[in-house]
Amino acid sequence: MQNMPRYMDAGAVAAEQQRFMVRVYNWMAAGLALTGVMALYIASSETMINLVFSNKAVPIILIVVQLGLVVYLAGWAHKMSASQATGVFLLYAGLTGVTLSSVFLVYTTSSVAWTFFVTAGTFGALSLYGLVTKKDLSGLGQFLFMGLVGLILSRIANMFIASASFDSALNIIGVLIFAGLTVYDTQKIKNMNIIGNEGTEEDTKEAIVGALTLYLDFINLFLHLLRIMGDRR
């Protein structure tokens, strides 16, 4: 768990964890806000829509770049400066907004907005549970990771099968997996905070990596709920 100076009692440690998690949530919210602004901007501009989606190679390139940024930030954040880590995270959030602008072309604006609020409420409740529960959730990690790998492979298989019922089942499974990851990741992020480094570059990078993790959980939970709840145009 975290390194705890001997002079800090349990109350002080809890207060420091709370400070750190507030910072994580603030960065996550900033990333989501940037994603939303970019998505709305692209979706409201016919010129930008044509620029991004008229050539099938562009979305694929964007997705590959996004995956690269996630791997880069998650794996090498400790070697970056705090400003570099922040820049990579915000760049990723902005590019995600570009790719997610497609949801406004597929689903009605009202259903996208409603699903976002449902996702926010669900995520908030799940993350709060991860914060306050005394139960050790570390054992869930491997199980959820295996479920995530299975979900990805199943989606690839369904690209060839093209089964609507199978896709619906995968959406429900996806909601359950990312709900579990939200709880698990929240507890993991809270416990990874190193007590005593508040205000340092390391503290900022820890918060950015934590924000990225929860941001990914939120976005994926939103997309799976949207496939279930969304009204297509």
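Each value in this text was obtained by applying a stated rule to the coordinates, not by laboratory testing. Here the structure is a predicted model, which means the values were calculated and not measured. Counting neighbours? That spans all protein chains shown, and the Cβs are built from the backbone with ideal geometry, glycine included.
Across region 123-233 the C-alpha pair distances fall into 5 Å bins from zero in the proportions 2, 11, 18, 20, 17, 12, 9, 5, 3, 1, 0 percent. Across region 187-233 the C-alpha pair distances fall into 10 Å bins from zero in the proportions 23, 35, 20, 14, 7, 0 percent.
With q set to 0.09, 0.10, 0.15 Å⁻¹, the log10 of I(q)/I(0) for the chain, from the Debye formula over equal scatterers at the Cα positions, is -0.41, -0.51, -1.11. Each label was represented as a point 7 Å from its Cα along the Cα-to-Cβ direction; for Ala30 and Val71 these points are 2.7 nm apart. For the pair His78 and Leu176, label points projected 7 Å from Cα toward Cβ lie 3.5 nm apart. Taking the Cβ-Cβ separation of Ala120 and Ala57 as r and a Förster radius of 41 Å, what is the calculated FRET efficiency to the nearest 0.05? With a Förster radius of 41 Å, E is 0.75. From most to least packed by mean Cβ count within 10 Å, the peptides 199-205, 210-216 give 210-216, 199-205. Can you list residues whose amide H is under 5 Å from Tyr107's amide H, if they're 5+ apart or on another chain and H is modeled 1.01 Å from N? Hits under the 5 Å cutoff: Arg233. Were the residues from Val132 through Glu201 laid out at 0.36 nm apart, the gain over their Cα-Cα distance would be 22.2 nm. This ranking places Phe143, Phe53, Phe178, Phe222 by how few other beta-carbon atoms lie within 10 Å of each, fewest first, which gives Phe143, Phe53, Phe222, Phe178. Straightening the chain between Thr108 and Ala15 buys 29.2 nm, computed as 0.36 nm per residue apart minus the Cα-Cα spacing. Sorted ascending by nearby beta carbons within 10 Å, beginning with the fewest, Glu198, Glu16 become Glu198, Glu16. Note on region 54-166: Cα-Cα pairs beyond 25 Å make up 48% of the total pair count.
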